[in-house]
1. Considering every residue within the stretch 410-417, establish whether at least one is under 19 Å from the mean Cα position of the chain (by Cα) and of a type outside the set (Asp, Glu).
2. Which residues, counting only those in the stretch 197-251, are of a type in the set (Phe, Trp, Tyr) and over 19 Å from residue 462 (Cβ atoms)?
3. Taking residue 279, is it assigned to a helix (DSSP H, G or I), farther than 28 Å from residue 47 by Cα, among the aromatic types (Phe, Trp, Tyr) and modelled with pLDDT of 95 or more?
4. So the check is Cβ under 7 Å with 6+ separation or different chains; which pairs have a first residue in the stretch 306-322 that's at negative phi and surrounded by 15 or more Cβ atoms within 10 Å (Cβ to Cβ) and a second one that's at pLDDT 85 or above and in a loop (DSSP other than H, G, I, E, B)?
5. Residue by residue through the stretch 431-442, note down the ones that are crowded, with 17+ Cβ neighbours inside 10 Å and under 10 Å from residue 129 (Cα atoms).
6. Let me confirm something: among 215, 243, which residue is of a type in the set (Gly, Ala, Ser), within 31 Å of the chain's Cα centre (by Cα), surrounded by fewer than 17 Cβ atoms within 10 Å (Cβ to Cβ) and assigned to a helix (DSSP H, G or I)?
7. In this structure, does residue 288 turn out to be out of contact with any Pro (no Cβ under 6 Å at 6 or more places or on another chain), crowded, with 24+ Cβ neighbours inside 10 Å and in a helix (DSSP H, G or I)?
8. Can you list residue pairs whose Cβ atoms sit under 6 Å apart, with the first residue in the stretch 108-126 being basic (Lys, Arg) and the second being surrounded by 24 or more Cβ atoms within 10 Å (Cβ to Cβ) and in a helix (DSSP H, G or I)? Count only pairs 6 or more apart in sequence or on different chains.
Amino acid sequence: MSDMPLIPEEAIAPASVPDAVPASAPHPDPSLSDSAARPETRGIELIDDRDRHGRARDLFAVWAAPNVSVLNFTIGATLIVLGLELWQAVLVIIAGMLPWVLTGIIAISGPAAGTSGSVVMRAMYGIIGNRIVVAFMGWLVAAVYLALNWLAAAFLGADMLARLGWDAPVAAPIVVTVVVAAITVLVAVYGHGLILRAYTYVAILLLGIFLVLTGFILPNVDWGYRAAEPLSGVALWSAASIGFAIIASAPLSYINSPDMARYLPRTTKPGGIIAATAFGGALPGIFFMIVGALMATAVSADELSAGVEGVMLGMMPAGLAPLLVFGVIVNTVALNGMTTYTSSMALQAIGVPLRRIPAAAVVGVIGTALTIYLTLSTTFLNAVNLMLQFLIIVAAPVMAIFVVDVLLRRNRYDGLDLFDERRGSRFWYTGGWGVPGMAAFALGTTASALCLSTEVWTGPIAQAMGYIDLSVPVGTIVAAVVYVALLRTRLGAQGRPWAE
């Protein structure tokens, strides 16, 4: 992925703009208009050209706010726990952030189709097949990220309550989770308009908070740090590859990037969308993961295993502890608000008969339940490592297929055709199944699982290679190659993007 060639602008040109609608024509449904001042009722419904607004650069803050996160400190610290030297950890962090380019590429399908990415994916998997993939990928991503971020807020919030006198190891995390989840769902209910307007201020606020915290971490850093037992050979590649998989799982999981871009005018330049999305997500991630790696040089592995949040609290004055808790909660609401928002549309795309707002509430309840379970059964560090690694099994192939389809189709997606679910429709394919897409998904996930290396599961290929984790590159390459190859056979005759 790091050697990915530059993509010609004409290969991802936006779909042609339809004839202009007279200004005097009545709006098809005023209740669906996008506003920060009222709940957004629109779900996966097509966005009328008169409702399109915004600029590509607005997406930078939309992606920066969720990624100024304590999760990045945790992942950065993990690289040191794995045994990497500081310079090696920095290289792994940069490499793991490169897939943000792929997140940006699929984002351009949102304005082209005028609907959610979970609907656009019907072009890859067929009307029925897409329900399976979206249910699997959309719900897995939603559950993982809602739980991981609420988990951070739960642990930190409970620690703060204990400092204030309420030491309740079971009840406190649950109470914090429920309160934060309620605020998160409220953000998702107001939806895109609120996210677009508020996240610029949220990103600035969070950047200020975490820079202040960074100022207390840096004096504790062991700038001459050397691993007690420097890794080399297979052991080094194993640690680096596991770290890469954990980091890359984040950008590869954001198949919801078209959802956040779908309100942009059709004429918005694809290059601007790609750049704003990729840099918005990658830059804060790179910076704060490096800070997390530096922080890990000042403490023992046992202290880190007990919780990165506790290490951070111990490095700052007691009076500033609420600042960290506040920052984590704001970031949690920002990231999970977006995740809940887009997951509510994934529910609609798989055919659940709910409007978007009730669907958001359902997503919130499921995420809350998983978070409460994790607070009672694991540490934050263990949860992050295991869940992010398992997520990659599905995320890498799905992202690869989406990117390939956008490029082969030259970003030409007809929203009306995507919503035609009748037998024989354009994306009905073979009995409702897009065979090339489904086969690529199945083989890509299988290949990724065979190359995965975790404490719970190590695939036979990873084990044979000395626990080197190639789940990301192998899952991505297998899915992309199988998809393109099958499109050239009789099985893919109905769905060849280049034949349109």
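1. Applying the first criterion (under 19 Å from the mean Cα position of the chain (by Cα)) to the stretch 410-417 yields none.
No, that holds for no residue.
2. Step one: list which residues in the stretch 197-251 are of a type in the set (Phe, Trp, Tyr), which gives 199, 201, 210, 216, 223, 225, 237, 244.
Correct list: 199, 201, 210, 216, 223, 225.
3. Values: assigned to a helix (DSSP H, G or I): yes; farther than 28 Å from residue 47 by Cα: no; among the aromatic types (Phe, Trp, Tyr): yes; modelled with pLDDT of 95 or more: yes.
The answer is no for residue 279.
4. Close Cβ pairs satisfying both conditions: 311/299.
5. Step one: list which residues in the stretch 431-442 are crowded, with 17+ Cβ neighbours inside 10 Å, which gives 432-441.
Scanning the stretch 431-442 gives 432, 433, 434, 435, 437, 438.
6. On the way: 243 fails: surrounded by fewer than 17 Cβ atoms within 10 Å (Cβ to Cβ).
Of 215, 243, the one residue that is of a type in the set (Gly, Ala, Ser), within 31 Å of the chain's Cα centre (by Cα), surrounded by fewer than 17 Cβ atoms within 10 Å (Cβ to Cβ) and assigned to a helix (DSSP H, G or I) is 215.
7. So residue 288 passes the test.
8. Once the first residue is basic (Lys, Arg) and sits in the stretch 108-126, its partners that are surrounded by 24 or more Cβ atoms within 10 Å (Cβ to Cβ) and in a helix (DSSP H, G or I) give 122/130; 122/418.
The values are calculated or read from the model by the stated rules, or taken from the named source; none is laboratory data. Keep in mind the model is a prediction, meaning the values are calculated, not measured. Backbone-built Cβ (ideal geometry, glycine too); neighbour counts: all protein chains shown.
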